[in-house]
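Working notes, structure below.
The values are calculated or read from the model by the stated rules, or taken from the named source; none is laboratory data. Please read all numbers here as calculations on a predicted model, not as lab measurements. Cβ placement follows ideal geometry from the backbone for every residue including glycine, while neighbour counts extend to all protein chains displayed.
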Amino acid sequence: MNSIRYAKKIPVKYNVDIFVAGGGPAGAAAAIMASRQGSKVYLAEAHTCCGGMGTAGLVPLFMTFTDGVNFLAGGIGKEILERLRKAGGTLTEGRAIIRAEVLKRLYEEMLMESGVQFTYYTKLVDVVVKNGMVSEAICDGKSGLFAVKAKVFIDGTGDGDLAVSAGAKYEKGDDKGLMMAGTLCSLWSGIDWDKVAKSGLAQASMLEKAFKDGVFTVKDRHLPGMMQLGETLGGANIGHTFGVDGTNEQSLTKAYLQGRKYVPEYERYYKKYFKGYEKMELAATGSLLGIRETRRIIGDYILNVDDFKKCAVFEDEIGRYSYRIDIHASNPDKKSFAKFKKEFSFLYLNKGESYGIPYRILVPSKLKNVLVAGRCVSTDRYMQSSIRVMPGCYITGQAAGMAAAIMAEDKKDSRSIDVRKLQKKLKKAGAYLPNLK
């Protein structure tokens with residue numbers, strides 16, 4: 001591959017305490033929490049709204065906020081759920097459905113109320129780093145390239161883009177490099193939900209017949225399904241894009257093309273085999289592809305499946321979570337789907353059980369003023385499939401934001417802060433820390 005050397009003098013547009021890359025659930029929670037502690041925060045979001053998969057991605061529901069007894073995503077997560085419910089943006093307890101437009105506005109309200117500076121159409125390009133300390137983030141906005149100076153940098157990109165640019169090591173996918181399939185979620189109108197309920201048919205029940213009838217291009221046996229979002233509105237988590245690498249633009253482009261191709265196939269499926277969907281119409285597909293897995297940054301500790309099984313407790317715990325192991329298959333064959341079903345059926349926690357989340361998984365090895373939050377925290381592949389969902393991102397995001405605020409105020413690096421102080425401040429802010437004495 002040919003290469004060129006390129007240099008350009010750019011302005012420093014922001015000089016802040018904390019820079020946050022990415023305004024998904026983890027990045028937004030981090031920015032809000034840090035700003036509420038008095039830190040000067042700037043957040044850069046590449047898309048046109050905050051919230052990531054729950055908004056631009058049209059993922060129709062949150063996973064569980066609780067372990068069936070205790071509210072685990074306390075603090076920012078609980079506030080978001082309660083405010084969203086009050087605004088009419090969700091309907092149910094537990095795995096609450098999401099009305100994306102309401103959630104978009106809520107994130108913006110909370111960021112502005114907290115005093116966070118943020119811009120859309122702003123993509124992280126690179127960082128300047130020396131001896132494990134990042135001094136500037138290089139961003140590309142609609143106005144051109146600019147730099148952000150900060151004391152602490154939080155990676156909320158989901159893919160670990162900032163941490164990797166700073167030299168962090170990472171793992172990606174399984175032992176063959178294969179990653180979970182993605183999904184292009186969609187929004188549908190004209191559904192008769194009363195009719196659907198009366199039919200009593202499971203949405204995946206007619207897949208094998210549909211495969212024989214030639215309805216689908218790919219024989220995808222995993223159908224999370226369509227959820228009711230309104231009187232006739234449905235949010236669909238349907239159609240896996242196999243083979244996608246969310247860190248490669250060519251692979252992502254191919255996956256978007258696949259996802260949009262699958263949409264009319266699922267429309268035929270629902271209309272042909274189920275009652276209540278006869279008049280369904282496509283309203284929209286997500287402007288962001290649902291990516292479940294990319295990089296896992298290697299931190300000072302790697303949270304692993306044994307920690308899940310034994311409901312581990314850590315001295316540096318910053319939260320607890322309980323969502324089951326949920327590794328979507330990398331391939332559409334029967335063997336891969338059978339493995340997914342087995343793991344999903346047996347790798348779960350009982351009511352009232354949860355695993356600890358140590359602060360160390362937010363701290364990339366060898367970096368001193370960078371924290372990671374959300375999908376790219378330091379875990380093995382099994383644990384990544386649990387902690388990656390939105391309530392889990394709220395937990396790690398708010399902890400990263402609080403830790404960053406302490407680092408900036410106390411002039412400490414990520415390893416020299418008082419973790420006990422962090423835990424106490426998190427608990428006061430609503431985090432679930434039952435083992436903190």
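Residue 221 - would you say it is within 17 Å of residue 188 (Cβ to Cβ), of a type in the set (Lys, Arg) and not assigned by TED's automatic domain parsing to the domain that holds residue 339?
Numbers: within 17 Å of residue 188 (Cβ to Cβ): no; of a type in the set (Lys, Arg): yes; not assigned by TED's automatic domain parsing to the domain that holds residue 339: yes.
In short, no.
Being within 30 Å of residue 240 (Cα to Cα) and either over 24 Å from the mean Cα position of the chain (by Cα) or not polar (S, T, N, Q) (or both) narrows it down to one residue among 166, 181; which is it? Full working, then the answer.
Values: 166 fails: within 30 Å of residue 240 (Cα to Cα).
Unique residue meeting the criteria: 181.
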From the set of residues in the stretch 75-117 that are part of a helix (DSSP H, G or I) and among the basic types (Lys, Arg), which is surrounded by the fewest Cβ atoms within 10 Å (Cβ to Cβ)? 86
Matching residues in the stretch 375-386 - criterion: being of a type outside the set (Gly, Ala, Ser) and surrounded by 24 or more Cβ atoms within 10 Å (Cβ to Cβ): 375, 376, 377, 379, 383, 384
Top-ranked residue in the stretch 1-55 [being β-branched (Val, Ile, Thr) and assigned to a loop (DSSP other than H, G, I, E, B); ranked as surrounded by the fewest Cβ atoms within 10 Å (Cβ to Cβ)]: 4
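Return yes or no: is residue 166 surrounded by 17 or more Cβ atoms within 10 Å (Cβ to Cβ), farther than 25 Å from residue 258 by Cβ and modelled with pLDDT of 95 or more? Working first, answer last.
Numbers: surrounded by 17 or more Cβ atoms within 10 Å (Cβ to Cβ): yes; farther than 25 Å from residue 258 by Cβ: yes; modelled with pLDDT of 95 or more: yes.
So residue 166 fits the description; yes.
Applying the selection to the stretch 65-74, what residues are part of a loop (DSSP other than H, G, I, E, B) and either of a type in the set (Phe, Trp, Tyr) or touching a His at 6+ places or on another chain (Cβ under 9 Å) (or both)?
Filtering the stretch 65-74 for residues part of a loop (DSSP other than H, G, I, E, B) gives 65, 67-70, 72-74.
Hit for the stretch 65-74 is 65, nothing else.
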Pairs only if they're at least six apart or on different chains, beta carbon under 9 angstrom, first in the stretch 164-184 and touching a residue at least 40 places away in the same chain (Cβ under 8 Å) and among the aromatic types (Phe, Trp, Tyr), second assigned to a helix (DSSP H, G or I) and surrounded by fewer than 22 Cβ atoms within 10 Å (Cβ to Cβ); list them, first residue then second. 170/164
So, residue 187, is that one under 28 Å from the mean Cα position of the chain (by Cα), assigned to a helix (DSSP H, G or I) and surrounded by 13 or more Cβ atoms within 10 Å (Cβ to Cβ) or not? no
Taking the residues in the stretch 224-259 that are out of contact with any helix residue (DSSP H, G or I) (no Cβ under 9 Å at 6 or more places or on another chain) and in a strand (DSSP E or B) as candidates, determine which candidate is farthest from residue 191 (Cα to Cα). 237
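Yes/no matrix, rows are residues, columns are (1) farther than 28 Å from residue 176 by Cβ; (2) crowded, with 19+ Cβ neighbours inside 10 Å; (3) outside the structural domain of residue 381 (by TED's automatic domain parsing):
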residue: 268; (1), (2), (3): yes, no, yes
residue: 272; (1), (2), (3): yes, no, yes
residue: 304; (1), (2), (3): no, no, no
residue: 319; (1), (2), (3): yes, yes, no
residue: 328; (1), (2), (3): no, yes, no
Could you list all residues from the stretch 221-236 that are within 18 Å of residue 201 (Cβ to Cβ) and buried (at least 17 other Cβ atoms within 10 Å of the Cβ)? 221, 222, 223, 224, 226, 227, 228, 234, 236
Can you tell me which of (1) assigned by TED's automatic domain parsing to the domain that holds residue 24; (2) on the phi < 0 side of the Ramachandran plot; (3) in contact (Cβ under 8 Å) with a residue 60 or more places away in the chain is the one residue 374 doesn't meet? (2)
Of 408, 399, the only residue that is buried (at least 24 other Cβ atoms within 10 Å of the Cβ), at pLDDT 95 or above and either charged (D, E, K, R) or not in a strand (DSSP E or B) (or both) is 399
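Being closer than 13 Å to residue 118 by Cα, in contact with a Gly (Cβ under 8 Å, 6 or more places away or on another chain) and touching a residue at least 24 places away in the same chain (Cβ under 8 Å) narrows it down to one residue among 56, 73, 31; which is it?
Values: 56 fails: closer than 13 Å to residue 118 by Cα; 73 fails: closer than 13 Å to residue 118 by Cα.
Just one listed residue meets the conditions, 31.
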For residues in the stretch 194-214 being buried (at least 17 other Cβ atoms within 10 Å of the Cβ) and not small (Gly, Ala, Ser), which is farthest from residue 57 (Cα to Cα)? 206
Can you give me the number of residues within the stretch 274-301 that are surrounded by fewer than 18 Cβ atoms within 10 Å (Cβ to Cβ) and farther than 30 Å from residue 232 by Cβ? 1
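Within the bounds of the stretch 367-377, is there any residue that is within 19 Å of residue 291 (Cα to Cα), of a type in the set (Val, Ile, Thr), modelled with pLDDT of 95 or more and in contact with a Leu (Cβ under 7 Å, 6 or more places away or on another chain)? Before the answer, list the steps.
At the first step, the residues of the stretch 367-377 found to be within 19 Å of residue 291 (Cα to Cα) are 372-377.
Checking which are of a type in the set (Val, Ile, Thr) leaves us with 372, 377.
Pick out the ones that are also modelled with pLDDT of 95 or more and you get 372, 377.
With the extra rule that they be in contact with a Leu (Cβ under 7 Å, 6 or more places away or on another chain), the set shrinks to 372, 377.
Yes, there is a match, as at least one residue in the stretch 367-377 is within 19 Å of residue 291 (Cα to Cα), of a type in the set (Val, Ile, Thr), modelled with pLDDT of 95 or more and in contact with a Leu (Cβ under 7 Å, 6 or more places away or on another chain).
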What residue, among those in the stretch 411-431 that are in contact (Cβ under 8 Å) with a residue 24 or more places away in the chain and assigned to a helix (DSSP H, G or I), is surrounded by the most Cβ atoms within 10 Å (Cβ to Cβ)? 426
